[in-house]
Amino acid sequence: MPKPHSKASEKLGFFANLKLKIAKRKDRRAFRAATKVKLHKSFKRSYREDYLRETTLPGLMSHAHTAFSLIFKHPKLFLPFILIILFLNVILVGLMSQESYQVFQNAIDETNENLAHGQLGNLGKAGLLLIGTITTGGLNRGMTETQQVFMILILIITWLVTIYLVRHLLAGHKIKLRDSFYNALTPFISTFCIVAVIFIELIPIFIVIVTYSAAISTEFLATPFYALVYFIFASLLTLLSVYLLSSSLIALVSITAPGLYPMVALNTATDIIAGRRIRFIIRLIFMFFVLAICWIFIMMPIILIDTMLKSQVEWFQVLPIVPLSLLFMTIFSTIYIATYLYLFYRKLLDLD
């Protein structure tokens with residue numbers, strides 16, 4: 001039989017444990033508050049020496065060249081990796097059909113005859129074809145919901161495997177592509193959570209796109225004052241998304257560390273990028289500029305040769321040369337972006 005005062009002792013033990021848990025939680029919050037990077041305080045003037053952080057980083061050209069050289073120095077790893085991802089995309093997502101590409105080409109030919117009177121030239125038509133098909137990435141335009149899910153899964157797999165390969169290559173390890181597929185997918189769920197956060201942070205930009213379409217259809221922007229108000233509104237929402245995305249992109253890299261939770265990765269990335277967002281955005285813009293040049297110099301000759309051969313050889317028209325090249329370049333660009341961001345992330349960690 002229990003003693004009469006056993007219930008009172010149990011209640012006392014419960015409240016004592018509750019106080020202990022509250023004290024531990026306060027200690028954790030105090031530790032996070034002490035270690036969190038705070039460069040500004042509300043309603044107080046911030047001085048330059050307060051928010052300057054050390055960023056001894058390589059130049060823009062050097063950073064871009066390092067990312068390229070890291071990929072090209074290991075073709076036995078990255079080339080089979082690109083081919084595997086390309087095969088998965090073709091099987092699970094689908095390739096842009098040759099008929100869709102032919103529709104683009106016929107539309108540009110008709111525009112050339114009607115508007116430019118045939119003076120556009122092959123180079124101009126190739127440029128318009130590149131712009132018209134680059135949004136597809138070589139993939140099927142009419143994707144079902146299942147194909148879209150497969151596309152997102154393949155994108156996350158490409159991202160995780162790339163960072164796993166780059167991490168071990170920089171550490172000087174000998175790594176096999178098979179091992180990277182087996183071991184790199186551990187933080188898959190955590191990465192998916194970060195992707196969900198990025199989607200939420202893109203909502204302001206989605207609002208700008210929707211409201212812009214509505215403003216165009218209703219001629220709201222015809223009045224200069226309303227156009228100015230909408231420009232300020234769209235600019236603020238876009239800046240909000242860019243501000244939030246700058247830390248989430250770094251979190252996509254930091255989440256690949258073993259045993260890291262999504263919220264911890266987001267908080268860590270926010271601390272790392274604090275005071276360095278403008279430099280990071282400049283590097284992102286330069287990265288996309290470099291990729292755009294690569295797309296032009298690689299895809300333009302392919303489109304020109306493809307157009308010339310298909311006009312002369314009949315059986316060549318069934319070969320999806322351009323869609324396959326577009327998909328190859330899309331996968332390579334994804335690998336390059338992951339490598340570029342990981343190198344930036346490692347430099348910031350070395351500084352900290």
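The values are calculated or read from the model by the stated rules, or taken from the named source; none is laboratory data. Please read all numbers here as calculations on a predicted model, not as lab measurements. Note that each Cβ is placed from the backbone with ideal geometry, even for glycine, and that neighbours are counted across all protein chains shown. Surface accessibility is based on the protein's heavy atoms, side chains included, excluding ligands, DNA and RNA. Shrake-Rupley method; radii C 1.70, N 1.55, O 1.52, S 1.80 Å.
See the values below:
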| quantity | calculated |
| --- | --- |
| Conditions (1) open to solvent by less than 60 Å² (accessible area, probe 1.4 Å); (2) more than 30 Å from Ala234 (Cβ to Cβ); (3) β-branched (Val, Ile, Thr): number failed by Thr186 | (1) |
| Which numbered condition Met263 fails, given (1) without any contact (Cβ under 8 Å) to a residue 12 or more places away in the chain; (2) closer than 20 Å to Leu284 by Cα | (2) |
| In the range 332-342, residue farthest from Ile82 (Cα to Cα) [restricted to those that are open to solvent by 10 Å² or more (accessible area, probe 1.4 Å) and β-branched (Val, Ile, Thr)] | Ile337 |
| From the options Leu324, Leu349, Leu284, residue that is open to solvent by less than 40 Å² (accessible area, probe 1.4 Å) and among the aliphatic types (A, V, I, L, M) | Leu284 |
| The range 293-321: number of residues that are open to solvent by less than 50 Å² (accessible area, probe 1.4 Å), more than 19 Å from Leu83 (Cβ to Cβ) and not in a helix (DSSP H, G or I) | 1 |
| Of the criteria (1) open to solvent by 90 Å² or more (accessible area, probe 1.4 Å); (2) farther than 22 Å from Tyr340 by Cα, which one Phe199 fails | (2) |
| Residue check, Leu260 under 28 Å from Tyr340 (Cα atoms) and either open to solvent by 50 Å² or more (accessible area, probe 1.4 Å) or among the acidic types (Asp, Glu) (or both) | no |
| Which listed residue is within 15 Å of Phe344 (Cα to Cα) and surrounded by 12 or more Cβ atoms within 10 Å (Cβ to Cβ), from Ala265, Ala274, Ala234, Ala215 | Ala274 |
| Residues that are closer than 18 Å to Tyr342 by Cα and either outside any helix (DSSP H, G or I) or in contact with a strand residue (DSSP E or B) (Cβ under 6 Å, 6 or more places away or on another chain) (or both), drawn from the range 159-185 | Ala171, Gly172, His173, Ile175, Ala184, Leu185 |
| Where Ile134 falls short, out of the listed (1) of a type in the set (Val, Ile, Thr); (2) surrounded by 15 or more Cβ atoms within 10 Å (Cβ to Cβ); (3) modelled with pLDDT of 90 or more | (3) |
